[in-house]
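One structure is given here, and the rest of the page talks about it.
None of the figures in this text is laboratory data; all of them are computed from the coordinates on show. From a predicted model like this one, the values you see are computed outputs, not experimental measurements. Don't worry about glycine lacking a Cβ; one is built from the backbone with ideal geometry, like all the others, and counts go over all protein chains shown.
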Amino acid sequence: MPGYHCIVLHAHLPYIRHPEYDSFFEENWLFEALTESYIPLLNMLRRKQQDGYRHCLTLSLSPTLLSMLEDPFLRKRFRKHLDKMQLLAEQEVKRTRDEPRFLNLARMYQQQLQTVSDTFFNELDGDVVGAFTELHKANVIELITSAATHGFLPLLKAEPASVRAQLKTGAQTFYNITVLQAQGVWLPECGYYEGLEAVVEDAGFGYFFVDSHGILNSKPRPYYGLSAPLLCPNGVAVFGRDPGSSRQVWSRDEGYPGDFHYRDFYRDIGFDLEMDYISPFILDGRTRIHTGFKYYRITGHDAEKEVYVPERARERINKHADDFVKRALAQHAQHESRDTTASLITSPYDAELFGHWWFEGTDWLEAVIERYSAYTDSALLSTPSVYLAQNSMLQVAEPSASSWGDGGYNAFWLNEGNDWIYPHLHDTSKRMQALVELFHDAEPGALTYRALQQAGRSQLLAQASDWAFFLKTGTAQEYAYNRTRDHLARFNYLENVLRNNTIDERRLQALEAMDAIFPDLVPEYFS
Amino acid sequence: MSGKKQKKHRATGSASSPAGTAMPVDPAAFSQKELRKLSFEISSRWFNNEQPAPRLTLSVVNPWRIHAFWHINPDMMAQALKTSDTPHALVIRFTDLTPGQSGKTGQATSFDIEVDGLNNNWYIDLWQPGRRYVAELGLRRADSTLRRFVRSNEILVPRAEPSTALEFNLAQYKGAKPISRTGTSANSSYSVAHLARLLPSFGGFPDVLSDPTSQTIEEPEFPGAPLKRVQNWDAEIEPPFEDDATPSPERYRYGKDFPVIQFATINESPAYATGNDSPIDFEAVPELPETDPLTIAPGNLTFEPAVVPEFLSPRAASVSGTGHKPENFPQINIDALDTFHREGKQLKASLGIVLNNDWSATASFPGALPGHGNKLAINVPANSPTASNRPMKASPQAQAWPAPKPVIALEETMAESFFSAGADNRDLNLSVRLELTGTAGPDKALTLFGEPVEIDEQGQFYVRVKLDKGPLLAALLRAQHGTNLEAD
């Protein structure tokens, strides 16, 4: 019986969209991810489709990301962003014309940008989600989704309505955009608490993922350890992260992305070149940021950076793909005597790691997919639904509360840097429940109903795990603080005008236009 | 929310959008300036929920640590203290609901942790993973009975090691429950695509190559100073709570640096000697012991209004107005968030004062409680024409209106308050910010510290000022019917 390997990429970005400004730094996160990760991944998978590959990987598209990818306003801005980057590429080709090593790299970036532009605008007309959906329908990938705004569910649990709203709105958003029902759900940050499976089932999902100790500490003890999913007592399946294959990709010390021949992320012309030259392409013409044009390889610890050589990186990609598959095969071999439940490896990663942070990551994935095809007798790439269809008898156990954050539980999202958020989040949840009860007979489309929906959007947006994450790490801390504050304030405002019957339609529509997400939001999910 | 049931009503919509219609009239596209102004205005005025519902919430941090935050209203404490003659302590009483872990009496075991603050949060280390708890916040009497304010949610602290249970039961995976499409946005004018058409036209980047710095952002007009970017508070505008260039959320959290509790008073502790995988009788869920809930409805503590002599001097924070009728001031809020330091520890107190439409004054302040030295003086001008008619709800030690009450420095207030920053402490640094919002006639004029306060087209005003260090003076707006009298 061959072993199965489920590679799961979780693609998520918080909802960032600021029509009140001509440009906004944090919106670049989406544009960079599209340029460097999502579209290269899409093109790679379409190549594999052409070559006849199936069940290559599982892709989780979070509802906020789905909404942003579908947003005409952001597509328009992406066009502008790409135009600007292509202009920079043109200038870089001119600037480096006397330095062949740099010129080759400038041309490489220019070509990549052209490919992204051709794919996104000419071929897909912006419909990236539609293209991934086609891959799902062709069984090349399995698409799943996540909670509405990536709320960290163990810390929303005190108000169960919040958890319900996050999961049900997430499921509905995915369905309404893709016209597919996601069979599985990526719990934000793999955050699980005992009993969550009931809400998962109610939202229409059949399986989810937890970190390794969520399985290993399950009750009763898992007979197959991490090499098989478990079945919660209510029949929802749960897959556990394989620590070995995770470490090979994630680890700063042992992981493949740290290879000295791979491209260095931090050395960027946005910081290296003179301000007069680079200012048109950076934030507000004054604040240096990453442009994506990076000419150096990692080189070594504390070593002077050397110029990036793609051919050398290609050799390492092949070597690392060989190593990854070889290790997986060895792991499967330990379970080859099984005659019932097939051996399974579940390897989840952030999708943005591939291409954006790890420049060669998408090529590495492609190499892994190709190599696996040589071992179909002993192991094959698969997706959770395929595995479950062929291995439907599973051990029944209760997983243990866990997350994939530092420490394995909730401390990363609940600590002295961000705990001030939670009284507000729980309070708004309670008040949203009261609003839904109070206005339960509001007609869809009526002003009251719209204000109620917008209050729900504000509540969900305030709950994003990203804000607590940024507040903890110090990255984009001020932005995270302001976003939390803005959404809580918008909720408070909407509650006030609802209760006092003083809804100002223009103000409401301005809020709808700024937070234009979840157009089909169902207020009942919040009760 | 206080749990009061409100009368159900439905917005009837504006003239351009009658209730029940799904196709509202298309408004004009929004300008960036309009969106920024609205965003800033809502964020500034509506962030703080002035009356959060009383609650105690437990959250799991990890298998050995939990987090508790709570909020109770001052009048709950006042009522409880009024009816109690015996010594008491504010405690969180944890009850262990782990199945099969009841004590000799059949009741669940419990332990108390003494806490302080009406609005606070603590991290609490526990003994053992895998246990189930509920907690109650209340006043513990001398006989260990509890006058309960609020009861928490139930939590299950995670297991931290593999289970010893080895059953191997198989079942069949059935798949996901089918769902169907919801909503009507596909045929609605309220689709995201529709909303995008209402957004400001986007200039894009064509001009960046010629002069990237020439792109200017129009400033929304607000009292005080121009706004440059929402996420960067301009130096001339008071930042959310501090005058730092970069607001740090850590300053605004509840009870930063409160100690992690390592010890607690254990009432009955058979459970702590048992191992994680001791035989458990799953049917024997312990019974939660009875506690004595506080039955009053939560609301605001009403303080005695008093005249503060200093208020009459021009030094105090003051607002002057012309020709405002009391009915034009449905509510004036003064809201301050104070951060003060003591021995390297940072605490936070919040001050909210509301002058109601009927001229009664209400306040909540965790540092000042009846029975614990009501040092918070709320001042209303003595010559207010309606002063003698104001409804009074005297707090236990309040003086009768309009007898003057001396102003006491906030340092002393804190030192002697329930918050107990330390009786011997005289080394507090205090930053007080006042936010004033209200309604005036659009043709009226207001000044604050001699500076004009802008009144918008709807007659609303909003201004934020930082007060100098010194006695706490909560100087409320003075308004007189039909006069042009300036108050100071």
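For the reader, a short list of remarks on this structure follows.
- Positive contributions from Lys and Arg (+1) and negative ones from Asp and Glu (-1), summed over other residues with Cβ under 9 Å from the Cβ of residue A:366, come out at 0.
- Total charge dipole magnitude, chain A, about the Cα centre, Cβ charges on Lys, Arg, Asp, Glu only, Debye to nearest 20: 260
- If R0 is taken as 56 Å, the Cβ-Cβ distance between residue A:93 and residue A:198 corresponds to a FRET efficiency of 0.45.
- Approximate spin-label separation residue A:51-residue A:254, in nm, with each point projected 7 Å along Cα-to-Cβ: 2.8
- For the range B:114-151 versus the range A:449-471, the gap between their alpha-carbon centres in whole angstrom: 30
- Beta bridge orientation in chain A: antiparallel %, DSSP, nearest 5: 20
- Alpha carbon centroid spacing (whole Å) that separates the range A:263-291 from the range A:350-387: 33
- Counting neighbouring Cβ atoms within 10 Å and putting the fewest first, the residues A:324, A:491 line up as A:324, A:491.
- Likely footprinting exposure, B:40, A:239, fewest C-beta neighbours within 10 Å first: B:40, A:239
- Positive minus negative residues near residue A:8 (Lys, Arg vs Asp, Glu; Cβ under 11 Å): -2
- Normalised by residue number, the volume inside the convex hull of the Cα atoms of chain A is 147 Å³ per residue.
- Whole-number D in µm²/s for the range A:110-185 (Stokes-Einstein; Kirkwood sum over Cα pairs; 10 °C, 1.306 mPa s): 111
- The charge dipole of the range A:389-509, taken about the Cα centre with unit charges on the Cβ atoms of Lys, Arg (+1) and Asp, Glu (-1), comes to about 300 debye, rounded to the nearest 20.
- Cross-linked pairs A:76/B:33; A:137/B:177; A:294/A:326; A:168/B:174; A:48/A:219; A:48/A:319: Cα-Cα separations exceed 30 Å for A:294/A:326; A:48/A:219.
- Every helix of 4 or more DSSP H residues in chain A counts as -39500 (n - 2.57), and over all residues that averages to -14500 deg cm²/dmol at 222 nm.
- The range A:238-339: trypsin sites (Lys or Arg not before Pro) falling in loop per DSSP and having at most 10 other Cβ within 10 Å: A:252, A:286
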